[in-house]
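Data block below; observations after.
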Amino acid sequence: PSSPLSLAVEEVSENSFTLTWKAPEHTGKAGLDGYVVEICKDGSSDWKAVNQEPFLSTRYTVPNLSSGDKIHVRVTAVGASGSSAPATLEQPVLIREILQLPRIRMPRHLRETYVRCVGDAVNIMIPFQGKPQPEVTWTKGDQPLDTSRINIRNTARDTIFYIRQAQRGDSGQYQLSVRINGAEDKAILDIQVVEPPGPPQNLKLVDVWGFNVALEWTPPVDNGNAEIKGYRVQKSDKKSGKWFTVLERCTRTSCTISDLIIGNTYSFRVFSENSCGLSNSAAVAAGVAHIEKTKTTYQPEKIPQRDMMEPPKFTQPLTDRTTTRGYSTHLFCSVRGFPQPKIIWLKNQMEIREDPKYIAMIEQGVCSLEIRKPSPFDGGVYTCKAVNALGEASVDCRLDVK
């Protein structure tokens with residue numbers, strides 16, 4: 001057979017390496033029995049077969065080597081008619097540990113600001129990778145960490161950042177560096193240690209009118225190292241002495257409190273709030289608000305008497321209709337008058353009495369006549385007459401049944 005093709009090194013570890021190649025172009029009439037891999041240390045001419053028997057795979061791992069050795073390699077194809085010329089690597093293979101580049105695998109929840117309250121423990125584990133074991137360095141503002149407050153413990157795969165009781169001074173950006181020789185990966189851990197804010201300042205009772213009170217105040221001097229999310233406003237009436245919340249998360253520094261009870265005297269206080277919670281104390285308004293009863297005199301409105309009597313008058317007439325035999329149809333008109341007129345329906349000037357074919361109704365002045373399953377005989381002129389004590393009125397229409 002001819003020589004194997006494309007001999008190459010696929011992988012190298014600290015005590016082995018893996019070869020790959022392609023089958024030769026010509027295998028001979030009898031075909032291939034397999035391949036033989038031979039190695040020779042650099043500086044020697046003593047070639048040794050690694051496998052005792054030929055094998056047909058085009059991938060092979062040479063084991064049991066020493067780190068730092070340089071190994072020459074060649075592969076020979078073996079058939080029934082003999083062996084091929086060997087395929088040889090141009091350069092020897094250096095047996096050494098392949099360096100895995102350092103990389104910090106920052107957890108998702110630590111990619112944003114990590115918030116803790118004063119007194120809480122901070123216990124963070126950040127995994128990383130790299131081979132051989134990287135050198136791990138923590139700094140804050142390019143300065144080493146205060147080891148009296150912050151404990152760092154490193155393993156081969158992660159680093160642990162621990163503070164027993166966090167203080168506001170622990171807030172800031174911490175830089176993590178993982179380095180192997182010249183390769184380095186960096187990450188930033190942003191920690192924010194917060195505490196409840198101080199109370200609002202300069203709470204004033206600005207105005208009292210009707211059942212309403214207007215309050216104003218200014219933000220607290222100390223926001224607790226976190227953004228003020230809002231203010232909680234409470235009221236207390238003199239009778240009960242209990243405090244009730246009237247506004248939560250008020251984002252402005254002023255508010256109007258309504259629906260106060262007549263005759264009560266009220267006091268007011270305001271808490272500030274951030275992500276850690278409410279302020280430990282509240283700002284209390286110096287004055288009180290007394291809701292007085294306003295005197296009003298009732299004067300009845302003079303309503304003139306109106307004559308409601310009215311003779312019947314059709315506000316919507318009947319309209320001519322065409323329908324199909326066997327399909328029920330409706331006739332509609334509307335009438336007004338007082339007292340309520342009596343409605344009489346006529347067909348061809350003959351009054352329609354209790355005939356089950358017809359259903360007459362009146363509701364809210366709308367008169368309707370239902371003609372159930374009409375036949376051509378039911379066609380003709382229909383009249384609606386309205387009668388009361390003051391007079392009468394009528395409208396008519398033609399119905400054709402086809």
- Judged on accessible area alone, 1.4 Å probe, highest first, Leu390, Leu145 line up as Leu390, Leu145
- Item | Accessible surface, 1.4 Å probe, highest first, among residues Lys41, Lys347 | Lys41, Lys347
- Query: To one decimal place, what orientation-averaged projected area in nm² is obtained for the convex hull of the Cα set of the chain?
  - Reply: 55.1 nm²
- Residue-normalised value, i.e. accessible area per residue, for the chain at 1.4 Å probe, in Å², stands at 62 Å²
- Query: Could you name the lysines in cross-link range of Lys48, using Cα to Cα under 20 Å and dropping any fewer than eight places away on the same chain?
  - Reply: Lys70
- Task: Quick one: among His26, His330, His109, which has the greatest mean-square fluctuation in a GNM of the chain with alpha-carbon springs under 10 angstrom?
- Result: His330
- Message: Let me check I've understood the local charge: for Asp120, count other residues with C-beta under 13 angstrom from its C-beta, Lys and Arg +1, Asp and Glu -1. What total comes out?
- Response: +1
- Charge tally in the Cβ shell below 10 Å around Tyr174, where Lys, Arg are +1 and Asp, Glu are -1, Tyr174 excluded: -1
- Sorted by chain and number, the residues with a modelled amide H under 5 Å from that of Leu247, at a separation of 5 or more or across chains, are Val233
- Residue with peak Gaussian network fluctuation, the chain [Cα springs, cutoff 10 Å], from Ala49, Ala285, Ala360: Ala360
- How high is the FRET efficiency between Arg103 and Lys242 when r is their beta carbon distance and R₀ equals 51 Å, given to the nearest 0.05? 0.30
- Task: Mind telling me which of Glu38, Glu53, Glu354 comes out most flexible in a GNM of the chain, alpha-carbon contacts under 10 Å?
- Result: Glu354
- Query: At Val206 and Lys29, where each label point lies 7 Å from the Cα along Cα→Cβ, what is the point-to-point distance in nanometres?
  - Reply: 11.0 nm
- Quick one: Cα centre-to-centre distance for segment 74-88 and segment 325-360, in angstrom? 115 Å
- Message: I need the phi-derived Karplus couplings for segment 21-33: 6.51 cos²θ - 1.76 cosθ + 1.60, θ = phi - 60°, integer Hz, Gly and Pro marked x.
- Response: 7, 10, 5, x, 5, 10, 10, x, 5, 7, x, 8, 8
- Based on the mean of other Cβ atoms within 10 Å per residue, sort peptides 289-301, 363-375 so the most packed one is first. 363-375, 289-301
- Going through Lys242/Lys295; Lys313/Lys373; Lys204/Lys295; Lys357/Lys385; Lys186/Lys229; Lys313/Lys347 one by one, the pairs whose alpha carbons sit over 24 Å apart turn out to be Lys242/Lys295; Lys313/Lys373; Lys204/Lys295; Lys186/Lys229
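The values are calculated or read from the model by the stated rules, or taken from the named source; none is laboratory data. Just so it is clear, the model here is predicted, and its values are computed rather than measured. All Cβ positions, even for glycine, are placed from backbone atoms using ideal geometry, and neighbour counts span all protein chains on display. Surface areas here come from the heavy atoms of the whole protein model, side chains and all, with no ligands, DNA or RNA. Shrake-Rupley method; radii C 1.70, N 1.55, O 1.52, S 1.80 Å.
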